[in-house]
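Notes follow once the structure below has been shown.
The values are calculated or read from the model by the stated rules, or taken from the named source; none is laboratory data. Just so we're clear, the structure is a prediction, and the values are computed from it rather than from any experiment. Cβ placement follows ideal geometry from the backbone for every residue including glycine, while neighbour counts extend to all protein chains displayed.
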Amino acid sequence: MAARDAASLLVGLLVLFHTWGVWADVEVNMEDRVEVYSGEEARINCMFTSTEGVGALRIHWFYVTRSGEKQQIYYLDSTMKYADRGTQFTDRVNGTISAGTVVLTINDVQVEDEVEFICLIKSLTGAGEGCTKLKVFDAPDLPSIEGVQTGISVNEENPSKIGTCEVKNGFPKPNITWYRNNTPLRPIQDEVEIAPSVTVESSKLFSVRSELRMKVTKEDKDDQFYCEVTYFVPGGIRMTETNRINITVYYPSTAVSVWVESPKGKIKEWDSIELQCRGNGNPSSSIISFKHGEKELASDQDTLVLHNVTRLDSGVYYCISTDMETFQEIPGNTTLFVNYLDPAVVRSEKAIVSQGQELKATCNALSSVDTHTAWFKDGKEISKGNTLIVKDATFDTAGTYECVVTVPEIEGMETRGTVHINVQGQPEIIKPDNTEMEQQVETTVSLRCKVRGFPDPRVEWTTSDGKVLDETSHEVTDEGVQSTVDVKVTSDITVFCNATNDFGTDALTFNIKATTHTTAATTAATTTTATTTSTSTSTSTSTPTTTTTLSSTTVKPKTANPPKKKVKKESSGGVIIAVIIICILLLAILGSVLYFLYKKGKICGRSGKQDLTKEKSNKDNIVVEMKSDNTEEAVLLGVNGEKQPPNDQRGSSLYSQSQPHQKVLPSIS
């Protein structure tokens, strides 16, 4: 029996040793992990070595469930391969085998595919096994940060909420770290609290939210807070940051500042002043009040406006900031000085000076700052300084002097004063440009006389015949007296402007010559008629026995309608022309008379008398015709129009030689 048991044990050991050697023929090697992004393809390699050929191998792929169990998902050998039904990989898995390597391919990897995969290879006499973990990654969305919108008081007993950070849809779970001014924050009991929360979305992705709470101090008012998010990717770790936020910190003031917001620079009377008050704290419940001395002033919170200030508004202004939580009062103050410039006071030793004397005037204005003084006359600067001195006064010195006092360092600060100076002396008429003039008859001319002098001169207008004219206007100005008279021109006239005061007189003469419009034809006809009448009268007187009357004489010039000319009485050219015409007419008439006497026998031995009482007839008319042509012929027509011999035409030809280009037809009766 013992021998039989020993034999059985020996056989069993031999079989065991033989089996151990067979299993040792298949060796399997696999990577520890395979990393892939969600949605991509995963390739899990299973490398093996075996003494047997590939045709004798059978490969089984398993994955480990959440409960720790092994579940086959794929099988293949040299003749067949298939995916197991009813698993999460059924429609997305495939396997291949080649010399020394078996590959399991998973399409469209999901985050729930992150499990451990097992590769089991069996031969005829043995088997080998290996495993790999599949890691799936999904990058999260960009993170966001939101700070509190209300202010945080430093007097809060517990940590106050600063803000929240959030990052969504990441796998594996992202991490959030808070920073203050580039320094990471760590939880500190009763001072810093960081409360994270994780949400698993329906897509199996993670969303992480983190809230920061702190006890703030005054120094935190300028701090910047932000979040850093880290997440895993195949082969490493990535990081992204949120934007920075500030918080509003409320803290009590420890000092108060008061200043003049406007105007900039020095203040002058009648300015409007704006005072500003600020504490160095930031309490939401502080109260600002202003005082001037013991008087409380109405203000618009931290702004005080003073309108039309005077020098009485100078002094110390207080601003008091009261914290409503602690009721602590913090005062501040500033000193205002209102600059002033009193009205200018102008004084003169004499308001009236005589010609040749010295004029002296002073100008002063009380001011809180240095001033500059200048003197002006007629808008032109004539002197600088408080004292004005003008030597050797003349009428030009008289007038209004203006003193202007300014403050160079303060714009718009200015005062003015005036003084009027009169220079006494006899009248002085300012002669106009033209006192000799020509005017048409029946026109009216305005004569103006401007007189300087003090006392104001009396002006009287007279003519050369002693007539006194009434003034049209009389005006007294700083420069003197201006008088105007209107004169109607009927003939040549001389007008005198006479100025008189207590110191003497002065006069100015205006000579006006009257002119008229006449025509050359009218002038010639008028002159001819006058000359004919005069000649006839003279002849009648010299020969009493014979009476001859020249009824009319007509001069016909070549131009039928001569142009009108303006004849001036004093024109020497017009006088010469009139004399020539008169001489010509006299010669013509003299020739006619001599011929007439010759025919009657009064001269040259001819006898015969004409009955002077005989009734006049048209046949007794004698016409003298003067012709001017190439032969210089003069023909005398006798009674009834008969031609006379040439030797009886002496009187006529005498006139013809003096005026070869005109015809004169006198009618003698």
Point to revise | Only one of Glu329, Glu349, Glu358, Glu294 that is loosely packed, with under 15 Cβ neighbours inside 10 Å and under 30 Å from Ser153 (Cα atoms) | key: Glu329
Exercise for review: Please note which strands (runs of 3 or more DSSP E) are completely contained in the stretch 92-169 and include at least 3 residues that are surrounded by 16 or more Cβ atoms within 10 Å (Cβ to Cβ).
Suggested key: 93-98, 101-106, 116-122, 127-137
Point to revise | Residue list for the stretch 217-240, restricted to those being within 49 Å of the chain's Cα centre (by Cα) and in contact (Cβ under 8 Å) with a residue 24 or more places away in the chain | key: Lys218, Asp220, Lys221, Asp222, Asp223, Gln224, Phe225, Tyr226
Exercise for review: Within the stretch 75-128, work out how many residues are among the hydrophobic types (A, V, I, L, M, F, W, C) and farther than 14 Å from Cys46 by Cβ.
Suggested key: 7
Review point. Within the bounds of the stretch 185-193, is there any residue that is surrounded by 12 or more Cβ atoms within 10 Å (Cβ to Cβ) and closer than 20 Å to Leu142 by Cα?
Key: no
Review point. Only one of Thr435, Thr397 is of a type outside the set (D, E, K, R) and in the same structural domain as Val489 (by TED's automatic domain parsing); which?
Key: Thr435
Check your understanding: Which condition breaks for Ser123 when tested against (1) over 26 Å from Asn169 (Cα atoms); (2) in contact (Cβ under 8 Å) with a residue 24 or more places away in the chain; (3) out of contact with any Ser or Thr (no Cβ under 9 Å at 6 or more places or on another chain)?
Key -> (3)
Review point. Of the residues Val476, Val481, which single one is surrounded by fewer than 16 Cβ atoms within 10 Å (Cβ to Cβ), part of a strand (DSSP E or B) and outside the structural domain of Ala398 (by TED's automatic domain parsing)?
Key: Val476
Revision key, fill the gap. Inside the stretch 456-473, the number of residues satisfying the requirement of being in a strand (DSSP E or B) and surrounded by fewer than 11 Cβ atoms within 10 Å (Cβ to Cβ) is 1
Point to revise | Failed condition for Val369, given (1) outside the structural domain of Phe503 (by TED's automatic domain parsing); (2) surrounded by fewer than 12 Cβ atoms within 10 Å (Cβ to Cβ); (3) in a loop (DSSP other than H, G, I, E, B) | key: (2)
Review point. Exactly one of (1) of a type in the set (D, E, K, R); (2) part of a strand (DSSP E or B); (3) in contact with a Gly (Cβ under 9 Å, 6 or more places away or on another chain) is unmet by Glu411. Its number?
Key: (2)
Point to revise | strands (runs of 3 or more DSSP E) contained in the stretch 225-317 and holding at least 2 residues within 30 Å of Pro143 (Cβ to Cβ) | key: 225-233, 236-241
Exercise for review: Residue by residue through the stretch 76-120, note down the ones that are out of contact with any helix residue (DSSP H, G or I) (no Cβ under 9 Å at 6 or more places or on another chain), charged (D, E, K, R) and in contact (Cβ under 8 Å) with a residue 12 or more places away in the chain.
Suggested key: Lys81, Asp84, Asp108, Glu112, Asp113, Glu114, Glu116
Check your understanding: Does Gly453 satisfy the condition of being of a type outside the set (D, E, K, R), in the same structural domain as Ser354 (by TED's automatic domain parsing), in a strand (DSSP E or B) and crowded, with 18+ Cβ neighbours inside 10 Å?
Key -> no
